[in-house]
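Visitor: Structure in C-alpha cells, see below.
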Amino acid sequence: MTTGNLLLTLIIGLSATLIYPLAFWHPLFPAVGTRIEPHGQYTVDHPSATYPPTGEISDMSAPPAVLTLAACLVLPLCTGAAETDLTIADPYVRLVPPGSTNTVAFMTITNHSNSDRKLVSAESPVAGTVELHTHLHDQGVMRMRQVADIELKAGGRAELKPGGYHVMLIGLKQPLQESERVALTLRFDDGSTKKLEAPVRKPQAMRQPEPAAVADRH
C-alpha cells in the first residue's frame, strides 16, 4: 500500500469514527438528535429508533443524512487521489500551413501510480476525428499508423513527440492560429478523463549552425 493510499484509509476511518456518533447526539439530525433520558421509554420521530429505560439504543443504524455527510467528506479525497495519478506536461498543437486539414498534438504524460495505465482515446471540438497514432519504420520509410492505445507504465511516462506517439487531429473544422488554445479531452482505460488546453505552436525550426569562431589576430 502506498503512502497516499494509507493516508486516505486513515482519513476515511477517522471520518467514520467522528461522524457516526453525530447521528445520535447532534441537532443537525432531528430524527435521532435527542439525548437519551434515563426515566421511561422515549421514542423519537425515527420509527426504528426507540430508547428503552435502560438508556440503551435499540437501533444503531445510521440515517441517510449521516451517510450523505460521510460521502461528501470522503469522495473529494478519493477523486483528488485519482486525479494526481496522471499528470500532463507541455501539451501543444502543431501549427500547419493554411489549407491543411490535419494536425497533431504532443505532450508528456506521467503515471505516478503503482499500476500500468493506458491512454485509449482523445477528443477535440476543433476536429472531426481524433485518433492515437505512432510512426513506424517500414522498409526504410517512415509511416504513420493508428494505435488502439498508448501504454503508461507504472512510475513512468509516455512522451508524445514528433516521430513517435501523438494525437492526430483529422478534419480541422477551421484554421488554427498561432497561440490559439485547443481544447482536448484524454480518456484512459479506467474510464477517467482529463481535460486540457494546448496552445498552437510553430514546428520547432531546425537548429542553425553556429558561426565559426574567428581567431584573434595579433
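Visitor: Taking Lys161 and the conditions (1) basic (Lys, Arg); (2) surrounded by 12 or more Cβ atoms within 10 Å (Cβ to Cβ); (3) over 23 Å from Lys195 (Cβ atoms), which numbered condition does it fall short on, given that it satisfies the others?
Guide: If we test Lys161 against (1) basic (Lys, Arg); (2) surrounded by 12 or more Cβ atoms within 10 Å (Cβ to Cβ); (3) over 23 Å from Lys195 (Cβ atoms), just (3) comes out false.
Visitor: A further question on this structure: Give me the strands (runs of 3 or more DSSP E) completely within the range 131-172, filtered to those with at least 3 residues that are modelled with pLDDT under 95, ordered by residue number.
Guide: Numbers: elements: 141-146, 150-152, 157-160, 166-172.
Of the strands (runs of 3 or more DSSP E) lying wholly inside the range 131-172, those with at least 3 residues that are modelled with pLDDT under 95 span 141-146.
Visitor: Looking at the range 113-125, is at least one residue over 26 Å from the mean Cα position of the chain (by Cα) and surrounded by fewer than 16 Cβ atoms within 10 Å (Cβ to Cβ)?
Guide: Start the filter on the range 113-125 by keeping residues that are over 26 Å from the mean Cα position of the chain (by Cα), which leaves none.
No - not one qualifying residue is present in the range 113-125.
Visitor: In addition: So, of the residues in the range 114-130 that are outside any strand (DSSP E or B) and touching a residue at least 40 places away in the same chain (Cβ under 8 Å), which turns out to be nearest to Pro91 (Cα to Cα)?
Guide: Selected residue: Ser124.
The values are calculated or read from the model by the stated rules, or taken from the named source; none is laboratory data. Computed from a predicted model, the values in this text were never measured in an experiment. No Cβ is skipped: glycine too gets one built from the backbone with ideal geometry, and neighbour counts run over all protein chains shown.
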